[in-house]
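Below you'll find the structure, written out as structure tokens, and then a few comments.
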Amino acid sequence: MSTRLVSTLLANRTRTLSSRILRPLLPAVNRIPSSLPSCLPPMLPIRSAAASLSTAAPQRMDDDLDNTPTAWVEPDNRVTIRFGDYATTSFNGIWLRDHCRCPSCFHAITKQRLIDTASIPLNIKPSSMAVSPDGKTIKFVWEDDGHESVMDLAWLRQHSYNPKLAEKKLLRDKQLWDASIAESLPIVQYKDVMANEEGLAKWLEHIDVYGIGFVDGVPATPEATEQLGRRISFIRETHYGGFWDFTANLEHGDTAYTTLGLPAHTDTTYFTDPIGLQLFHLLEHRGTGGESLYVDGFHVAHQLQTLHPWAYDILSRTRISSHSAGDKSTLIEPTYGRPILNHDPTTRELYQIRFNNDDRSTLDHLSASEVRDFYAALKEWIKLLRDKRNELWTQLRPGRAVMVDNWRVLHGRAAFTGHRRLTGCYHNWDDYRSRVKTVLDKKTI
């Protein structure tokens, strides 16, 4: 369900992120063989007092519909479940036994599995099944040891896989944006974020939907800024420290610690696990320039795939490495190279932009044709990143902080003169997503 967070004007200027643009032109993923050698017993007849569970799939009779869920065991020991709307799916017996949620198999507090999966027979099947009178649960009694598993039918439908009946949908549509977002920025108030979870949830919602969320009314102190960051999660320590408070003094060997302009980029591409969020709060600036730049990487990726699908494909497949080597005691490189555009191997949806042209390492692992193709694709990507219509330029000021999704939104700045004091911090991606799930979505396992 789409959530509108800012004005109607902004909503009209943004685009809903479609699943089509998130899938690269990649070859099919290798699949595990669908069957293993086994001795298959004959079909097992099963009956239940609560609901009749036959050995054959019931036929739908339009003149006499029965909305009672039912189930039966297939010859290969899979359990097929037909729901009240006649949607049908099947589960391997070992999968059902492994996902038992009874107290002896699943810890109610820690949400951890207690059952020894290796002890479950590969071809396990139930000796009996019974759907509850209200049609909400199904009880399996397992043939090998008589263990009883009572499972929620809605939960089984949600996690079905053969076939999948419930597509995992975003609770909120991502909203792609361009320079016009400047007319109505997603902003929350510091006092609201700090006061209760409703205010924090609104900030998290902005970050989730737009990849960026501004906070106004922040006291212009390092202490208040750090407290704001910790409302989302603990701070990630790196070679730059934890919470940072710096000027252009080259304290670290990185161009961020200079007065130079910085093109749009994501941070820590040289980490195997790049940081998830980055908080900025400008406390002081006595000089000129220094405007902040933000670009929606998902929006630019959409444009690239639409205008130059060959370039999108190349930047989705070509692995490159990066490095941080400005400090004498530091040489950080990822365990292995990654593409600029990274996709979920299961859904093939774009989930992460990793791009910092300044930190890119030597390209010495590609063939001559691959080198030419990569640079050609890179030029198209950078051209779109630098299109003025895609660039949000805004002058940060004391009292306004901004949190950026480093896996989606690229940031940069204009060159500046004078004294400029910036504070902020890094946060892990998984810790940020944990807050979205627990504070905003109220999700449970």
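One line per residue, one yes/no per condition, for (1) within 26 Å of the chain's Cα centre (by Cα); (2) hydrophobic (A, V, I, L, M, F, W, C); (3) not in a loop (DSSP other than H, G, I, E, B):
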residue: Ala182; (1), (2), (3): yes, yes, yes
residue: Ala201; (1), (2), (3): yes, yes, yes
residue: Ile207; (1), (2), (3): yes, yes, yes
residue: Gln227; (1), (2), (3): yes, no, yes
residue: Asp273; (1), (2), (3): yes, no, no
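For first residues located in the stretch 220-245 and touching a residue at least 24 places away in the same chain (Cβ under 8 Å) and in the same structural domain as Leu396 (by TED's automatic domain parsing), partners that are in a loop (DSSP other than H, G, I, E, B) and among the aliphatic types (A, V, I, L, M) and lie 6+ apart or on another chain with Cβ distances below 7 Å form the pairs Ala224/Val218; Thr225/Val218; Leu228/Val218; Gly229/Ile235; Arg236/Ile275; Gly242/Ile235; Phe243/Ile235. Being touching a strand residue (DSSP E or B) at 6+ places or on another chain (Cβ under 9 Å) and either buried (at least 21 other Cβ atoms within 10 Å of the Cβ) or not hydroxyl-bearing (Ser, Thr, Tyr) (or both) narrows it down to one of Asp344, Asp373, Asp273, so name that one. The unique qualifying residue is Asp344. Per the listing Leu410, Leu422, the residue uniquely closer than 30 Å to Lys169 by Cβ and either touching a residue at least 12 places away in the same chain (Cβ under 8 Å) or surrounded by 14 or more Cβ atoms within 10 Å (Cβ to Cβ) (or both) is Leu410. Only a single item in (1) crowded, with 17+ Cβ neighbours inside 10 Å; (2) assigned to a helix (DSSP H, G or I) is not met by Trp155, and it is number (1).
Taking the condition closer than 20 Å to Pro133 by Cβ and either modelled with pLDDT of 50 or more or surrounded by 15 or more Cβ atoms within 10 Å (Cβ to Cβ) (or both), does Ile81 pass? Yes, satisfied.
Does Thr288 meet the test of being closer than 30 Å to Lys388 by Cα, assigned by TED's automatic domain parsing to the domain that holds Ile332 and not hydrophobic (A, V, I, L, M, F, W, C)?
Criteria met by Thr288.
The values are calculated or read from the model by the stated rules, or taken from the named source; none is laboratory data. Keep in mind that what you see is a predicted model, and the values were worked out from it rather than measured. When we count neighbours, we look across all protein chains shown, and the Cβ atoms used for this are built from the backbone with ideal geometry, even at glycine.
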